[in-house]
Amino acid sequence: MRIVPIVLLTLSACRAQSDQSKVEAVLKQMERAEQTGDFNAYQSLWTREKAAELEGMRAYARARPEVRYRVIKTFVRGDQAVLLAEGASNSFPVMTLRKEGGEWRIQDQVWRNTAPEPNSVYAFLPPEPGAFARAGSRWDQVAPGMDASNAARLGWQLKAIFDDSYLYIRIESNAALPAPGSTIATSPTRWPVLKITTSDAGEFVLFDAVNIGDQATFDASGKANSHRAYASYTIRLEQKDREIFTTSADLHPNPLIEVTGSAYDIRIPLAAMGIMDSRATRITVGDAQWPKSVFVSIAAQRYRR
């Protein structure tokens, strides 16, 4: 009777390994298509909508036999995957893929000039909601980091809690915050850069600004004829001046960022910080004013069901 779970676990591991190999095979196929200048082969590696967008690049396709890619890390979850790779001359493609018709296809690709942090895959493809979120994200049951008078003076309050999957941080502003993507003239940022200290993964710095994005509209000839400034909520997690990941909620929703009313909610996957088992973890969150916090420093609550 005890053999069945072991067999299922083994089959699951084999399936994951098989998908990982298939995802990495897409990178090799892309390498070969670029080396030979085979645009049809290159285009076939992308999802249907992206392949259509690439058609305008056909005229620029040429053989580049010097192209080489090396896998840094691959992460597969269900029908989605993230692949970090290294190219030539300090070029690093970060690819997201999904299954389409049973085959892995490239959904998006961005280029970096610095090597990505391997654990960033857990932010590009974050886990399912943790226990705190599944229970309804009861922030009213999470203790605030400052007393009411200090929060009123500074214009913001800080709360933090973590579960098996995420560190959740809530910044509560005294005034309503603009929704991501909404039109704004100036950034409403009033809170400081945050510092996250963990008992088993070291210290991190979290930049949590509200930036101003620019959206252009175009006339029939393709010339920009107007611009709109919009709210872009961006978080960047660093450790020892090295970026772990950066992500934004702006014209598109983001599973790691939510803004409702005066609450700015941030989710940081624990795995992105290198924490794979939260049971013995201790986490402190405060403002990043060294050598010690000036405004607030709180021990993040551990969520208990």
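Laboratory data are not the source of any read-out in this text; all were calculated from the coordinates shown. From a predicted model like this one, the values you see are computed outputs, not experimental measurements. In this analysis, Cβ positions are derived from the backbone assuming ideal geometry, glycine residues included, and neighbour counts consider all displayed protein chains.
Worth a mention:
- Overall form of region 118-194 per C-alpha gyration tensor (a/c, 1.5; a/b vs b/c): oblate
- Contact order relative to length of region 131-302, as percent, for alpha carbon pairs under 8 angstrom and 6 or more apart: 26 percent
- Of the residues Gly87, Gly286, Gly136, the one that moves most in a GNM of the chain with alpha-carbon contacts below 10 Å is Gly136.
- Proximal lysine pairs, the chain, alpha carbons under 16 Å, eight or more residues apart or interchain: 7
- The C-alpha atoms of the chain define a longest principal axis, and helix 3-36 lies at about 60 degrees to it.
- With N the number of residues in the chain, Rg(Cα) / (2.2 N^0.38 Å) evaluates to 1.14.
- Start at zero, step by 10 Å, and the Cα-Cα distances of region 45-175 spread as 10, 26, 25, 19, 14, 6, 1 percent across the bins.
- A prolate overall shape is assigned to region 170-300, the ratio a/c of its alpha-carbon gyration tensor axes (a ≥ b ≥ c) being 1.5 or greater and a/b exceeding b/c.
- Values of log10 I(q)/I(0) for region 239-305 across q = 0.12, 0.18 Å⁻¹ run -0.45, -1.04, by the Debye formula with one identical scatterer at each alpha carbon and no solvent.
- Ellipticity estimate at 222 nm from DSSP helix runs (n ≥ 4, -39,500 (n - 2.57)) divided over the chain, nearest 500: -6000 deg cm²/dmol
- Pairwise centroid distance, computed over Cα atoms, of region 201-256 with region 268-305, Å: 24 Å
- Cα gyration tensor shape of region 87-246, rounded if a/c is under 1.5, else prolate or oblate by comparing a/b with b/c: oblate
- With the convex hull drawn around the C-alpha atoms of region 3-116, the volume per residue stands at 104 Å³.
- Across Asp287, Asp241, Asp265, mean-square fluctuation computed from a Gaussian network of the chain (C-alpha pairs under 10 Å connected) peaks at Asp241.
- The trypsin sites (Lys or Arg not before Pro) found in region 175-267 that occupy coil by DSSP, while having at most 10 further C-beta atoms within 10 Å, are Lys223, Lys240.
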